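This report refers to the structure that appears directly beneath it.
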Amino acid sequence: MFQDRHDGPPPPRLLRSSAYAPVVDRWKTIIEPFRIKSVEPIRMTTVAERDEHLQEAGYNLFNLHAADVIIDLLTDSGTGAMSAEQWAGIQRGDESYAGSPSFFRFRDAVHELFPFRHVIPTHQGRAAEKILFSVLGGPGRTIPNNTHFDTTRANVEFSGAEAVDLVIAEGRVPSTEHPFKGNMDLDALERVLDERDVPCVVVTVTNNSGGGQPVSMENLRGVRAACDRHGLPLFLDACRFAENAWFVKQREPGYEEHPIADIVREMAALADGMTMSAKKDGLANMGGWLACDDDELAEQCRNLLILTEGFPTYGGLSGRDLEAVAQGLREVVDEDYLRYRVRSTAYLGDALDAAGVPIVKPPGGHAIYIDARALLAHVPPLQYPGQALALALYLEGGIRGCEIGTVMFGRQPDGSEEPGAMDLVRLAIPRRTYTQSHVDYVIEVMATVAARADELRGLRIVFEPAALRHFTARFEPL
Ligand SMILES: Cc1ncc(COP(=O)(O)O)c(C=O)c1O
């Protein structure tokens, strides 16, 4: 039996000062704000084995078997660990074709943060993009964005429209420090809106292809004002909305005391709709949605959804996926989680910087981007320095990163090839998946590769598909 509480005055407290900082800010050691309940073994491989795997994979890390990777930093998309509550939701998932209670729990969780009138589930972010740009895009039109992610650009271009990137100048220079390097260049936006046929403006939070850099609320208000002047809708590509909100809270004057969920709702209030991949800040392994306020647009989008994804209350997802996303959205705005998330990413960036590895600064929310063009200055962009560095990291330590540069963006719609704006290797950090010792290993391997960077050679492409070539291209070392 537990004893009843004692009725008299409370006993004195051990802690006499309430001025202690939250745990992760006070101590140097970053502790993961979770315990591990279930584990997945990692198979250790040798350099000789990895050399063989690379040859078989046509020197494309997307072609590797994941079981041959020691630390997989290819993407933070859908690779996170789910919480016990999310797994409980999976069990609760209702698989009714129409009107499943899981859909309504999902819709309510989205509304809690993004109160758009229409919420249309999709199997992942690019399905939402495909539907949106099928309706709004088309030949002769231009879609401005701070930086289009590769699938967004591909979907815009597939519709016949032109995708233009208008991130501020600081966002294009990896070594420049700026608190909001994801911001849109408002003057450039105004010019595009004056001169082109623009059906909508998109802002990507955080700006993945530009280094996972955040967008300030002030900038978002500026984009909103430009959209209002031209009578245009503003859409958020909101994959990493919670990480963006955390940066706003940390860096933008006036937001220090705002709860994360309030900042997210303020972002949503500035927009007319959103596309979302729940594989990022939905903390789920699959899912996404398209949301908007416009009834007519929603109607057109739902019609396309039924053709390609499914009925509007499941849109390409099972009921259990909808439950996982609903719970994930509650967990992702938790400040203990976000503090750990952003600080542990910065831990990797700061250590690489201290080891003399050039990175995009300041560290982004979900990934560290290594400036391969600077590190491999002897490899010309059209010999893919980012790809060469990514391959060296795998060969040396079994670490899989992702080239974000000339391989990904170099092929132009007219068939010509040009250097990408930057040649980066992205080390994306899956959410709640790796511990600090995994990250220490990555630091050690990367520092070793960087020390002999001048020995690395470029590559040539021996096969590439018509679109999104980085996924399936095959290479040969020069
Ligand atoms: C900014 C951004 N937009 C869109 C997408 C596409 O989402 P999905 O992979 O779920 O199709 C991604 C995926 O990485 C992304 O980072």
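Just to check your reading of the model, which residue among D414, D454 is over 30 Å from E331 (Cβ atoms), in a helix (DSSP H, G or I) and open to solvent by 70 Å² or more (accessible area, probe 1.4 Å)? Give the derivation first.
Working: D414 fails: in a helix (DSSP H, G or I).
None of the other options fit; the residue is D454.
Mind listing whichever residues of the range 236-265 are part of a helix (DSSP H, G or I) and among the charged types (D, E, K, R)?
E243, K249, R251, D262, R265
List the residue pairs whose Cβ atoms are under 6 Å apart, where the first residue sits in the range 271-300 and is within 13 Å of the ligand (Cβ to nearest atom) and of a type in the set (S, T, Y), the second is modelled with pLDDT of 95 or more and assigned to a loop (DSSP other than H, G, I, E, B), and the two are 6 or more positions apart or on different chains.
Final answer for the pair search is S277/Q124; S277/C239.
So is A188 buried (at least 21 other Cβ atoms within 10 Å of the Cβ), of a type in the set (G, A, S) and away from the ligand (no atom under 16 Å from the Cβ) or not?
Considered against the rule, which asks whether it is buried (at least 21 other Cβ atoms within 10 Å of the Cβ), of a type in the set (G, A, S) and away from the ligand (no atom under 16 Å from the Cβ), A188 comes out as no.
Any idea which of G420, G397 is modelled with pLDDT of 95 or more and open to solvent by less than 40 Å² (accessible area, probe 1.4 Å)?
That would be G397, the only listed residue that is modelled with pLDDT of 95 or more and open to solvent by less than 40 Å² (accessible area, probe 1.4 Å).
Consider L193 carefully, then state whether it is closer than 30 Å to I370 by Cβ, out of contact with any Asp or Glu (no Cβ under 8 Å at 6 or more places or on another chain), assigned to a helix (DSSP H, G or I) and more than 16 Å from the ligand (Cβ to nearest atom). Before you say what the answer is, go through the steps one by one.
Values: closer than 30 Å to I370 by Cβ: no; out of contact with any Asp or Glu (no Cβ under 8 Å at 6 or more places or on another chain): yes; assigned to a helix (DSSP H, G or I): yes; more than 16 Å from the ligand (Cβ to nearest atom): yes.
No.
Determine whether the range 64-78 contains at least one residue that is surrounded by 12 or more Cβ atoms within 10 Å (Cβ to Cβ), touching a strand residue (DSSP E or B) at 6+ places or on another chain (Cβ under 8 Å), of a type in the set (V, I, T) and farther than 30 Å from L329 by Cβ.
So far as the range 64-78 goes, yes, one or more of its residues are surrounded by 12 or more Cβ atoms within 10 Å (Cβ to Cβ), touching a strand residue (DSSP E or B) at 6+ places or on another chain (Cβ under 8 Å), of a type in the set (V, I, T) and farther than 30 Å from L329 by Cβ.
Would you mention how many residues in the range 107-128 are closer than 30 Å to E195 by Cβ and open to solvent by 10 Å² or more (accessible area, probe 1.4 Å)?
Going through the range 107-128 one residue at a time, the tally reaches 1.
Using beta carbons and a limit of 6 Å, which pairs, at least six apart or on different chains, have the first residue in the range 222-250 and among the aromatic types (F, W, Y) and the second one open to solvent by 10 Å² or more (accessible area, probe 1.4 Å)?
From residues that are among the aromatic types (F, W, Y), the pairs are W246/V342.
Regarding the range 237-244, can at least one residue be identified that is over 24 Å from P362 (Cα atoms) and under 19 Å from the mean Cα position of the chain (by Cα)?
no
Have a look at V215, V201 and point out the one that is over 30 Å from A372 (Cβ atoms), buried (at least 24 other Cβ atoms within 10 Å of the Cβ) and away from the ligand (no atom under 11 Å from the Cβ).
The match here is V201.
The values are calculated or read from the model by the stated rules, or taken from the named source; none is laboratory data. Computed from a prediction, not measured in an experiment: that's the story for all the values here. Here the Cβ is made from the backbone with ideal geometry for all residues, glycine too, and neighbour counts use every protein chain on show. Quick note on the areas: whole protein, heavy atoms, side chains included, nothing else; ligands and nucleic acids left out. Shrake-Rupley method; radii C 1.70, N 1.55, O 1.52, S 1.80 Å.
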